[in-house]
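Trainee: Below you'll find the structure I mean.
The values are calculated or read from the model by the stated rules, or taken from the named source; none is laboratory data. Keep in mind that this is a model prediction, so the values were computed, not measured. So basically every Cβ, Gly included, is an ideal-geometry build from the backbone, and we count neighbours across all protein chains shown. Protein only, heavy atoms only, side chains kept; ligands, DNA and RNA dropped before computing areas. Shrake-Rupley method; radii C 1.70, N 1.55, O 1.52, S 1.80 Å.
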Amino acid sequence: MKRVLVINGPNLNLLGSREKDVYGTETLTDIARKVMIEAERLGLEADFVQSNHEGEIIDKIHEARGKYDVLIINPGAYTHYSIAIRDAIKAVEIPAIEIHLSNIHSREEFRRISVIAPVCVGQICGFGSTSYILAMHAASLL
Ligand code: DQA
């Protein structure tokens, strides 16, 4: 069974109350529930984690070695500047999929750059919580 680790970065714990016009009203717990249901449908084993701390996210990526076959990551604002997270993804050599709730390419200029995307298989953004579900499908096909 393919094992997938879904990693959520800073401020995503505030989904549901944070900038609802941009990110919607679902909480991260709601999204985790949907992801787990989809995992079962697709025959994947999934874990779902969140951290507000760059170093902790890097630790989770390192610890994924030998435990997971695919990483799905919403790095939050770290997307736009964390070379350390980028290097961690590259170092562990686990195929990764970058996801976002919002379409980062249609927002502020600084969000259009992802330093993470070049070390990922691909990027899915703009579909709200469905970005997570689409990524689970992509993971099942990798
Ligand atoms: C986000 C987009 C980022 O630019 C932002 O900093 C976030 C959320 C998204 O899922 O749309 O925290 O990653």
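Trainee: Explain nothing, just the number: dipole magnitude of the chain about its Cα centre with +1 on each Lys and Arg Cβ and -1 on each Asp and Glu Cβ, in debye rounded to the nearest 20. Walk me through the numbers before you get to the answer.
Mentor: On the way: 15 positive and 18 negative charges, 37 e Å.
Once rounded to the nearest 20, the dipole reads 180 debye.
Trainee: Using the Karplus equation 6.51 cos²θ - 1.76 cosθ + 1.60 (θ = phi - 60°), what ³J(HN,Hα) coupling, rounded to whole Hz, does each residue of the stretch 67-79 give in order, writing x for Gly and Pro?
Mentor: Each residue of the stretch 67-79 in turn: 10, 10, 9, 9, 10, 10, 10, 9, x, x, 5, 4, 3 Hz.
Trainee: Distance from the Cα centre of the stretch 36-50 to that of the stretch 113-128, in angstrom?
Mentor: Using only Cα atoms, the two centres lie 20 Å from each other.
Trainee: Express in % the proportion of alpha carbon pairs of the stretch 57-105 at distances exceeding 16 Å.
Mentor: Values: 401 of 1176 pairs.
The proportion of pairs with Cα distances above 16 Å equals 34 percent.
Trainee: For the stretch 129-136, take each phi angle, set θ = phi - 60°, evaluate the Karplus expression 6.51 cos²θ - 1.76 cosθ + 1.60, and give the result in whole Hz per residue in order, putting x for glycine and proline.
Mentor: Whole-Hz 3J(HN,Hα) from phi for the stretch 129-136: 5, 5, 4, 5, 5, 4, 5, 5.
Trainee: Quantify, in whole percent, the carbon and sulfur part of the accessible surface of the chain (1.4 Å probe; protein heavy atoms only).
Mentor: It is 51 percent, rounded to a whole number.
Trainee: On alpha-carbon atoms, Rg over Rh for the chain using Kirkwood Rh?
Mentor: Numbers: Rg = 13.8 Å, Rh = 14.8 Å.
On the Cα set of the chain, Rg over Rh gives 0.93.
Trainee: Give the residues of the stretch 104-134 whose amide nitrogen is closer than 15 Å to a point set 7 Å from the Cα of K20 in the direction of its Cβ.
Mentor: none
Trainee: Further question: Search the structure for amide H atoms under 5 Å from the amide H of Q50, placed 1.01 Å from N in the peptide plane, and list their residues when 5 or more places away or on another chain.
Mentor: N8
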